[in-house]
Structures are given as structure tokens and as C-alpha cells.
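The values are calculated or read from the model by the stated rules, or taken from the named source; none is laboratory data. Please read all numbers here as calculations on a predicted model, not as lab measurements. Here the Cβ positions follow ideal geometry from the backbone for every residue, glycine too, while neighbour counts run over all protein chains shown. These accessible areas exclude ligands, DNA and RNA; they are computed on the full protein's heavy atoms, side chains included. Shrake-Rupley method; radii C 1.70, N 1.55, O 1.52, S 1.80 Å.
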Amino acid sequence: MKNLIIMDSQRTCKISKTSIIGTLKIFQLSLALIALTYISCKKLVDVKAPVTSVNAANAYTTDASAISVVTTMYKRMSSNQEGFTGLRSISLMTGLSADEFTLYNGVTDLTYIAYYQNSLVANNSQNYGSEFWSQFYNYIYVCNSAIEGMSTSSGLTPGVKQQLLGEVKFMRAFIYFYLVNMYGNVPLVVTTDWNINSKISNASKEQIYQQIISDLKDAEGLLSENYLDGTLQNAAPDKLRPTKWAAIAMLARVYLYNGDFSNAVSKASALINSNLFSLDSLNGTFLKNSNEAIWQLQPTVSGHNTEDAWMFIIPSTGPNNIAGHSTGQPVYLSSSLLNSFEVADQRKLSWINNVAVNGNTYYYPYKYKSATLNAPITEYLMVLRLGEQYLIRAEAEAQQNKISESQADLNVIRTRAGLSDTNATNQSSLLSAIIHERQVELFSEWGHRWFDLKRTGNIDAVMSVVTPQKGGIWQTTDQLYPILFADILRNPNLKQNTGY
């Protein structure tokens with residue numbers, strides 16, 4: 001087999017047959033599928049077609065091969081170097097940007113410092129803030145390739161084909177949700193045609209959201225209501241593949257973000273009223289297959305439960321600098337977050353832990369509690385859960401001035417936390433109470449706090465106080481991350497975000 005040429009915006013690299021076989025051992029996929037997956041690491045917006053490649057259509061001639069391509073995405077997401085969990089994750093980096101974490105003063109990694117001090121840059125030598133850009137567009141490429149390949153395939157079982165198309169449309173929408181909320185106006189890439197992608201310009205947020213909603217609606221109609229096993233033929237106990245309910249959950253979130261409050265209530269209600277999910281105990285919420293889980297990712301790093309646990313749980317020696325991108329506990333919870341909890345809030349006891357070192361007490365997220373090597377797998381990474389849906393519905397109801405309904409949904413979350421009912425009685429106070437509840441319910445999860453500050457228009461008021469405390473200078477343009485500088489150079493149609 002000839003060397004597979006993989007091209008991206010910063011380098012051209014050759015992956016030999018030996019290295020592909022090494023990867024094959026990790027993922028247990030066929031050589032052709034690994035090649036197809038790794039073609040996705042070429043940049044979407046600035047490169048020509050690879051010199052040699054596996055025909056994408058070949059991957060969709062059988063159920064097993066098509067399933068393997070899509071399953072590989074979930075495996076990659078569960079690793080600690082893909083932007084979804086671990087030390088370069090959405091949860092960590094956006095939490096550093098916001099007011100959730102304090103960065104240990106012994107950390108020397110300039111990328112962490114830049115996120116923490118809201119001092120990201122994009123120039124010839126530094127691309128701080130672009131970590132997610134390349135990785136996420138890689139996933140979009142895989143989704144686009146899968147949509148194209150499966151749409152023309154005649155070799156797939158109809159039910160398998162329908163489920164897989166639903167999964168990749170869901171995944172494309174999921175990735176674009178994070179791209180648009182991190183970077184703002186980004187290229188809307190829905191094809192694998194490099195002639196189109198190499199000249200593409202930024203799409204507006206409105207266009208991106210229109211595509212997200214379209215994909216999620218398609219996914220809702222295509223995806224199974226039941227969790228499926230690896231063959232997509234049988235029901236499964238694990239909540240590891242997106243279902244119709246995952247699409248509905250994302251639609252509820254997207255409608256809320258877009259001010260479509262009626263549809264946000266409708267989608268959140270469909271999920272809540274399905275009776276398929278229920279709020280779990282605080283200590284049970286983040287266990288694998290918890291009652292609250294809508295979609296989770298299974299750990300794939302050998303000997304580990306979730307990478308979030310390994311990152312957040314501070315050892316008895318205290319927080320520390322990091323070694324590469326795989327180990328370390330560089331952050332602890334900020335005093336701002338800690339002081340946001342009400343006195344009786346049981347989440348502070350169940351979801352936060354601490355360690356005392358040399359007279360200093362460091363508090364850390366303890367939603368995931370297992371960071372012992374080779375411990376039994378008891379926790380899966382939570383991606384979507386029911387608690388958020390109650391808060392989505394409460395906020396959308398408040399926006400429609402449905403005060404009693406909003407109070408009732410907010411109180412569901414407060415009751416689980418051991419708190420009394422809300423004392424907010426009008427729209428303004430209720431919306432403030434809901435945003436506060438989101439802060440203490442969803443902390444350290446998937447960028448919720450950073451995105452909430454932006455979408456509610458509170459980011460300047462909060463960060464103008466917090467950023468100087470972190471050693472930085474806040475500018476309102478800091479709420480968007482810089483676009484990858486190399487892409488700007490190669491594609492004159494791309495525009496950099498203001499401030500970079």
C-alpha cells in the first residue's frame with residue numbers, strides 16, 4: 001500500500017502502513033476505514049484533494065464498515081486529545097475563559113494562560129484559541145463524507161442507513177453548535193468538495209443556526225427512539241449512541257439560544273414528558289447510564305474512567321503543572337463560583353471536593369469521582385442530561401411570562417439540590433434566578449457558563465471585573481476566539497474575528 005498523504009493547513013505528513021496498522025490495533029477497524037477516518041484530518045477550507053485516498057464510497061458498502069466509520073467518531077471524542085474531554089477540552093478551556101476556574105500559578109503552558117487571562121492571539125507564531133478549530137472541522141468532514149457516501153450507497157440495510165444518517169446529521173449539528181458559540185461567524189461546510197471548501201467564506205451566525213436546526217430536525221426523524229448496540233439492530237442498555245431524544249435535547253437548547261421560546265418549551269416538554277428520563281440523585285447523576293443521561297460517551301483510555309475526573313480531581317499533593325496534553329490537574333474552582341452556592345445547596349457537598357496542601361485549600365469539581373487507575377468503569381462522560389432541559393424550559397417559559405410554570409420547573413432542580421422553592425416572582429427576577437441556577441447546576445460542563453454569559457448579554461459586566469483579577473485586560477471582542485491564522489492566510493475569503 002502506498003503512503004497515505006494527509007494534508008492540513010500547517011503541515012503535510014505521511015502516515016505509513018505500519019503506523020496505520022498501529023492505529024488499527026487501537027480502534028480495531030479495517031485498514032480502509034482507518035484511512036478514510038484519517039483523511040478527515042486534512043483541513044476543510046484550504047487544501048486540495050489528497051494524493052492517494054480510499055474511495056469514501058467503499059466504506060459504505062456494508063453495514064459493519066459504515067457503522068465502524070461513525071463509531072470511530074465517538075471513540076475519538078472520548079480520548080483526551082480531541083477537545084471534548086481532558087486537558088484541551090471545551091469544559092476546561094471555556095471555564096478558564098469564564099469565571100469558573102482559577103489557574104494554578106505554577107502552570108507555564110502559554111495556551112492555558114492565554115485562555116485564563118482572556119488574552120488569546122492569532123499571529124505567525126501563536127494560534128492560542130484555535131485548538132478546537134481544526135479538530136472540529138475534521139469531524140465535520142467525516143460527517144459530510146458519511147452523508148455523501150451513505151446517500152448513494154445501495155448496500156446498507158435500510159434501518160442501519162437511516163440510523164447512521166441520523167447520527168452524522170446530529171453530530172454535524174452538535175459540532176457546529178460549538179463552533180458558532182466559540183468563534184461566531186464560521187465557514188459553513190456541508191460538502192467534501194475541496195474546490196468549494198478552499199474558497200469558502202464566513203457564514204453568518206443566522207445561517208449556521210439555520211443549518212444546525214435543519215440537521216437536528218432531520219436527525220429527529222431519522223434516529224431511533226431506543227438506544228442501540230454496535231450492530232444498530234438491537235436495543236442496548238448503554239446510552240452511547242445518539243437517539244431521537246438527543247436530537248430533541250439539542251433542538252431545545254438551540255431554540256432557546258435563538259430566542260424561539262415556544263419551540264424551546266415544546267422540545268424540552270417532549271423530552272421531559274416522555275417519562276424515559278428522570279432526575280437522579282446528586283451522586284448518581286454522572287454514573288454510567290444514569291436515569292438523567294440522554295447521551296453519554298464511554299471511556300476509551302486504558303485503565304481510566306472519564307478523562308474529566310483525571311483532569312479535575314486534585315491529588316493530595318495539590319494542583320500542578322501539566323506534562324504534555326495527557327496528565328495534570330492545572331485548575332481549581334474559583335472563589336466566584338464557590339461563593340455562588342446557597343448555604344444549604346447539597347450540590348456543593350456532592351459535586352465539589354477539596355484538598356488541603358500547605359495551609360491552602362483547593363476546591364475542585366467532583367461530579368466525576370473515579371480517578372483510580374484500573375478501577376471498574378462506573379462513570380461515562382455526560383454530554384446531554386435532563387437537568388439542563390428543566391432549566392431550558394424554565395427560562396423559555398419565563399421569557400413568555402409564564403411565571404408559575406417557570407417557577408415549577410426551576411423548583412424541580414432546586415428541590416433535588418436540597419433548596420427551598422425560588423422566591424423570584426416576576427419575569428426579571430426569575431430570569432436572573434434561572435441563570436444563577438444554571439451557574440451552580442451546570443458548572444464545569446461543556447461551556448455552559450461561558451455561553452450563558454454571552455447569550456444573555458452579561459459577559460462584559462462579569463468579565464470586566466473577573467479578568468483583571470486573573471491578570472488580564474478584558475475587551476468585549478475577547479468573547480470570540482480567533483480563527484486559525486493559517487486558514488486566514490490560505491483563504492482570502494475568510495475574515496478574522498474583530499480584535500485579533
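Summary table below
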item	result
Single condition Leu232 does not satisfy, out of (1) closer than 19 Å to Ala293 by Cα; (2) open to solvent by less than 40 Å² (accessible area, probe 1.4 Å); (3) of a type outside the set (Ser, Thr, Tyr)	(1)
Evaluation of Pro237 against (1) over 23 Å from Pro365 (Cβ atoms); (2) buried (at least 17 other Cβ atoms within 10 Å of the Cβ) (one fails), failing number	(2)
Qualifying position, being on the phi > 0 side of the Ramachandran plot and surrounded by fewer than 18 Cβ atoms within 10 Å (Cβ to Cβ), among Gly457, Gly447	Gly457
Filtered residues of the stretch 196-228 (kept if modelled with pLDDT under 95 and within 16 Å of Glu148 (Cα to Cα))	Ile196, Asn197
Test: residue in the stretch 402-411 that is crowded, with 21+ Cβ neighbours inside 10 Å, in contact (Cβ under 8 Å) with a residue 24 or more places away in the chain and of a type outside the set (Phe, Trp, Tyr)	yes
Residue match in the stretch 290-299 (condition: more than 16 Å from the chain's Cα centre (by Cα) and of a type in the set (A, V, I, L, M, F, W, C))	no
The stretch 196-229: number of residues that are surrounded by 15 or more Cβ atoms within 10 Å (Cβ to Cβ), of a type in the set (A, V, I, L, M) and without any contact (Cβ under 8 Å) to a residue 60 or more places away in the chain	6
Meets criteria (under 27 Å from Trp295 (Cβ atoms) and either open to solvent by 10 Å² or more (accessible area, probe 1.4 Å) or not in a helix (DSSP H, G or I) (or both)) for Leu96	no
Residue within the stretch 462-473 that is surrounded by 17 or more Cβ atoms within 10 Å (Cβ to Cβ), free of Cβ contacts under 8 Å to residues at least 60 places away in the same chain and either out of contact with any Cys (no Cβ under 7 Å at 6 or more places or on another chain) or farther than 14 Å from Asn181 by Cβ (or both) present	no
